[in-house]
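The values are calculated or read from the model by the stated rules, or taken from the named source; none is laboratory data. None of the values given here were measured: they were computed from a predicted structure. Because the Cβ atoms are built from the backbone with ideal geometry, glycine has one as well, and the counts that use them run over all protein chains shown.
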Amino acid sequence: MIPKHPQFLEAINDKKKISVRFYSQPDSGVLDRVCAPLAYGPGADAKDGLNRYWLWDYASDPGLHTLSLLPQQIVDLQVLGEGFDPAEFAGELPPTKVAQTVDSPSTVVSSSAAATPTH
């Protein structure tokens with residue numbers, strides 16, 4: 001987990017956007033993005049079973065909005081004052097086996113419609 005993990009979970013519950021700085025393997029560098037926090041946990045399709053931070057990336061290409069980050073990729077995370085509406089995601093929640101999600105903090109998300117690129 002990252003040092004600001006409690007703030008990440010609070011941003012999910014409060015439906016607040018976050019600013020995240022992370023290392024992107026495809027770009028071989030650090031990127032900054034404004035995202036909606038979706039969940040924390042392993043991906044349903046991931047064979048490694050590692051927990052990830054699942055985000056909705058507003059700046060990504062259409063159809064590739066779901067961002068999956070391992071804790072060691074995250075350089076910094078800040079909760080912003082701006083809220084978000086989960087209806088914006090139109091059923092494209094991450095395929096995760098985690099109980100902490102933006103839609104329901106006490107149930108498991110099982111959406112297979114989301115794209116899951118790991119940056």
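Before moving on, here are some points about what is shown:
- Those strands (runs of 3 or more DSSP E) lying entirely in the stretch 19-81 with at least 2 residues among the aliphatic types (A, V, I, L, M): 29-41, 66-69
- Residue that is farthest from Val20 (Cα to Cα), among those in the stretch 39-71 that are without any contact (Cβ under 8 Å) to a residue 60 or more places away in the chain and of a type in the set (A, V, I, L, M): Ala46
- Residue count for the stretch 64-73, restricted to those that are at pLDDT 95 or above and touching a helix residue (DSSP H, G or I) at 6+ places or on another chain (Cβ under 9 Å): 1.
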